[in-house]
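Structure first, commentary second.
All of the numbers you see were taken from the coordinates with simple rules; none came from a lab. As the structure is a prediction and not an experimental result, all values here were calculated from the model. Heads up, the Cβs are rebuilt from the backbone with ideal geometry, glycines too, and the neighbour counts pull from every protein chain shown.
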Amino acid sequence: MELVMADNNDYKGYQGEALELLKKYSAMVWSDVELITEDGTFLGIILPRSETADNFHIVIKIQVGYNFGIAVEKIKDIKILGRKEANYKIPEKEFPFHPNRPKVKLFGTGGTIASRLDYRTGAVIPAFSPGELYGSVPELADYCNLETEKLYGEFSENIGPKHWVGTAKAIGEEIKKGVQGIVIGHGTDIMHHTSAALSFMVQNSPVPIVMVGSQRSSDRPSSDAALNLIHSVKTAAESDIAEVLVCMFGPTSDIYGLLHRGTRVRKMHSSYRSTFRTIGEIPIATVSKEKIVPLKNDYKKRRDDNEVSINAVFEEKVSIVYYYPNMQPDIIDSLVDNGYKGIVIAGTGLGHVNKPMYPALKRASKAGVAVYMTVQTLWGYVQMYVYETGREMMDLGVIPAANMLPEVAYVKLGWALGQTNDLKKVKEIMLTPIAGEITEREPSNGYLIYQGGLTEVEEFIKNNRK
């Protein structure tokens with residue numbers, strides 16, 4: 001074999017024991033290798049590592065497409081079979097225009113939806129221009145004429161109020177221009193916060209506003225990115241549901257996606273593709289490549305006008321606190337001392353905290369801080385009048401927030417305080433249903449089966465009913 005001179009760039013990201021082992025066998029990044037280990041033999045391509053990664057693993061992409069880490073101490077030999085350096089470029093084709101198809105605007109805020117991983121740098125390359133999206137997911141052209149605009153390029157955890165305000169204003173501008181549907185690509189981790197914020201900031205929309213993301217990046221065989229994107233674009237182009245929606249996988253199969261109302265949805269699993277669940281309700285509809293099937297009919301319908309109400313404000317001095325046993329009152333005191341104007345508590349049971357918290361809650365109320373109670377059970381209503389603890393807290397100024405999800409109550413309180421400091425007006429805003437965040441009742445079978453009557457769940461109940 002011809003001797004190849006290598007430098008540290010050929011071992012990108014590897015350090016310590018891992019780097020020494022690779023140099024011993026001249027196994028550079030992008031080498032196609034056979035790793036002989038204590039646990040068996042593995043074939044794959046050596047991938048770069050982040051410079052912040054540990055020093056004790058070699059990472060390869062195995063033949064089925066997954067990345068696989070192998071401990072250095074278990075590797076007995078490395079045989080080099082060749083080298084396949086990745087020089088990925090997203091294919092780009094001109095997005096076809098059809099005069100009879102609706103115009104859809106796709107806003108990008110970040111996340112890995114419709115993206116590819118560049119293994120030369122380890123960075124995710126977004127497929128974002130219409131041509132790139134068409135090259136990656138050509139089915140999109142079957143539903144609409146697509147325009148794209150990058151608003152932000154943030155990881156989900158870095159999205160916050162300034163992005164919500166900016167996105168809401170951008171949506172309003174596009175609706176005024178006559179767009180017939182909007183899609184927002186977003187990281188999944190706090191997508192339900194953003195969907196709630198947009199549900200309050202953008203009201204009376206004449207068109208669907210569809211948030212979409214992917215749990216698994218597009219370089220993985222099990223990626224949900226393309227199908228989620230197809231479903232969201234179809235919804236924006238064809239659906240008559242003129243609300244803020246989250247569009248993600250329904251079942252674990254590729255049969256259909258679910259359209260969740262923006263104020264009743266929550267991410268419920270860290271890695272599962274069907275991670276989003278409607279809480280306290282059922283999803284509005286299912287969506288597949290062929291059709292959109294409503295599961296309920298109490299949603300706002302699409303209109304032909306371009307009128308919309310944008311109220312993009314947010315008070316950032318609002319906090320959410322999850323109660324836990326032995327929680328100390330200084331947590332509430334510190335928020336008051338630091339000028340917070342609103343606190344949402346996710347309490348136990350029907351909306352409870354321990355009695356040592358009472359003085360801090362009373363102090364917060366006297367200081368003019370709006371304090372609202374939700375339940376960390378997620379399903380169910382705050383019912384503080386049932387037990388003495390709840391009644392005592394209401395006397396201290398804590399206000400029950402019906403069946404709002406804790407994160408939704410946090411977002412709504414920030415939005416309410418962004419409009420007024422008058423606590424009576426804040427209370428009126430908080431307790432007046434605006435976008436389905438408060439409901440009169442929960443579905444009788446909703447908690448039992450989560451999704452309220454989907455075919456495979458009904459089949460399960462029928463086969464397992466005693």
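For a quick check: sort H352, H192 by the number of other beta carbons within 10 angstrom, fewest at the front. Before the final figure, lay out each step's value.
Details: H352 22, H192 26.
Fewest to most other Cβ atoms nearby, the residues stand as H352, H192.
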Original post:
What order do you get for R391, R101, R261, R303 when you list them from fewest to most C-beta neighbours inside 10 Å?
Top reply: R391, R303, R101, R261
Original post:
With each label point set 7 Å from Cα along the Cα-Cβ vector, what nm distance links I331 and D298?
Top reply: 3.4 nm
Original post:
Helix 225-238: angle to the longest alpha-carbon principal axis of the chain, degrees 0 to 90, nearest 10?
Top reply: 50 degrees
Original post:
By how many nm would the segment from K169 to D39 lengthen if fully extended, with 0.36 nm per residue of separation less the alpha-carbon distance?
Top reply: 41.2 nm
Subject >> Principal-axis tilt of helix 191-201 within the chain, Cα atoms, nearest 10 degrees >> reply: 40 degrees
Original post:
Spin-label point model (7 Å from Cα, Cβ direction): what's the Y324 to I62 distance in nm?
Top reply: 3.6 nm
Original post:
Separation of the stretch 137-185 and the stretch 283-305 by C-alpha centroid, Å?
Top reply: 20 Å
**OP:** Report the FRET efficiency, 1/(1 + (r/R0)^6), for S288 and N158, where r is their Cβ-Cβ distance and R0 is 45 Å, rounded to 0.05.
**Re:** 0.85
Subject >> Fully extended contour minus Cα-Cα distance, from S26 to K74, at 0.36 nm per residue >> reply: 15.5 nm
**OP:** Determine the calculated [θ] at 222 nm for the chain from helices alone, applying -39500 (n - 2.57) to every DSSP H run no shorter than 4 residues and normalising by the residue count; nearest 500 deg cm²/dmol.
**Re:** -7500 deg cm²/dmol
Subject >> Read-out P(r) over Cα pairs in 10 Å bins from 0, in percent, derived from the coordinates shown; its label in (i) 5, 23, 35, 27, 10, 1, 0; (ii) 4, 18, 24, 21, 18, 11, 3, 0, 0; (iii) 4, 21, 32, 28, 13, 2, 0 >> reply: (ii)
**OP:** Run down the aspartates and glutamates and flag those whose C-alpha is under 19 Å from the C-alpha of K291, throwing out any fewer than 8 positions away in its chain.
**Re:** E139, D142, D224, E238, D240, E243, D254, E456
**OP:** Report, for the chain, the % of DSSP beta bridges that are antiparallel, rounded to 5.
**Re:** 55 percent
Subject >> Sites E388 and D189, calculated FRET efficiency, Cβ-Cβ separation with R0 41 Å, nearest 0.05 >> reply: 0.60
Original post:
What ³J(HN,Hα) values, in whole Hz, does the Karplus curve 6.51 cos²θ - 1.76 cosθ + 1.60 give for the stretch 315-328 when θ = phi - 60°, with x put for Gly and Pro?
Top reply: 8, 7, 7, 10, 10, 10, 10, 8, 5, 9, x, 6, 4, 9
**OP:** Quick one: of K12/K150; K176/K301; K150/K176; K267/K300, which pairs are farther than 21 Å apart, Cα to Cα?
**Re:** K12/K150; K267/K300
Original post:
Out of residues 5 or more away from E154 or on other chains, whose amide H comes under 5 Å of its own, with H placed 1.01 Å from N in the peptide plane?
Top reply: G110, G111
Original post:
Over the stretch 103-310, what is the relative contact order in whole percent, taking alpha-carbon pairs under 8 Å and six or more residues apart?
Top reply: 22 percent
Original post:
In whole Hz, what ³J(HN,Hα) sequence does the stretch 158-169 give by Karplus (6.51, -1.76, 1.60; θ = phi - 60°), x for Gly and Pro?
Top reply: 8, 6, x, x, 5, 6, 4, 4, x, 5, 4, 5
Original post:
Whole-Hz Karplus ³J(HN,Hα) for the stretch 275-287, in order, using 6.51 cos²θ - 1.76 cosθ + 1.60 and θ = phi - 60°, x for Gly and Pro?
Top reply: 6, 8, 10, 7, 10, x, 7, 10, x, 6, 6, 9, 9
Original post:
Quick one: if the Förster radius is 51 Å, what FRET efficiency do E17 and E94 give, using the C-beta to C-beta distance and rounding to 0.05?
Top reply: 0.55
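So what is the relative contact order of the chain, in percent, for Cα pairs below 8 Å that sit 6 or more residues apart?
Numbers: 1032 pairs, mean separation 49.7, N = 466.
Answer for the chain is 11 percent.
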**OP:** Please give the helix 406-417 orientation as an angle from the longest Cα principal axis of the chain, in degrees from 0 to 90, rounded to the nearest 10.
**Re:** 60 degrees
